[in-house]
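Nothing in this text is a laboratory measurement; each read-out follows from the coordinates by a stated rule. Values in this document were obtained by computation on a predicted structure and should not be read as measured data. Glycine gets a Cβ as well: all are built from the backbone with ideal geometry, and neighbour counts include every protein chain shown.
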């Protein structure tokens, strides 16, 4: 692929901002296609990302879709790919209530970026492990960020970190870095 611009199809402006900053490290410009997509029900976020790509009309532009999930060890990976639904219904205070009295607080964020250009489809994955905090901390980020403490951090939640600090280690940043590295190798 010779172009230095790709398009991210999402209705989430936070994802666009994070991906744009990461891909800029590789000299790749990110455009935004505003979509409200219908996701298939699957336990595999990578499968969801690929399916979502197939639902977009192919207008010749290189396009990416990202799907992520928040996986809690104690609950067998719940909410996983149903993270948006669980956040909508329970919000972070409800998730913390589910964790009351639970000693095993391990969790992971997984991000899958599906990328399509022409007939080619590729999937790139990023993961960050950590644990669920005892309470909400911080106002930055979105989703589960105020309750997630990454292992590689300094004890702060993603919600307490600056965008640059979070982008250094986040699941989404890792998936988009994998895409950026692959795109550079294609030139």
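Peptides 105-116, 162-173: what's the order by average Cβ count within 10 Å, highest mean first?
Result, highest mean Cβ count within 10 Å first: 105-116, 162-173.
Could you work out how far apart the two model spin labels at residue 164 and residue 122 are, taking each label as a point 7 Å from the Cα in the direction of the beta carbon, and quote it in nm?
Once both label points are built, they end up 2.9 nm from each other.
What's the angle, to the nearest 10 degrees (0 to 90), between helix 13-24's Cα axis and the longest principal axis of the chain?
Tilt relative to the chain: about 60 degrees.
Mind ordering 67-79, 132-144 by average Cβ neighbours within 10 Å, highest first?
67-79, 132-144
Using the Cα gyration tensor of the stretch 83-187, with a ≥ b ≥ c the square roots of its eigenvalues, what is the shape: rounded (a/c below 1.5), prolate (a/b larger than b/c) or oblate (neither)?
In terms of gyration-tensor shape, prolate.
Between the stretch 109-187 and the stretch 1-30, how many Å separate their Cα centres?
Using only Cα atoms to place each centre, the spacing works out to 14 Å.
Kindly express, to the nearest 10 degrees and within the range 0 to 90, the angle between helix 171-185's C-alpha long axis and the longest C-alpha principal axis of the chain.
The angle comes out at about 20 degrees.
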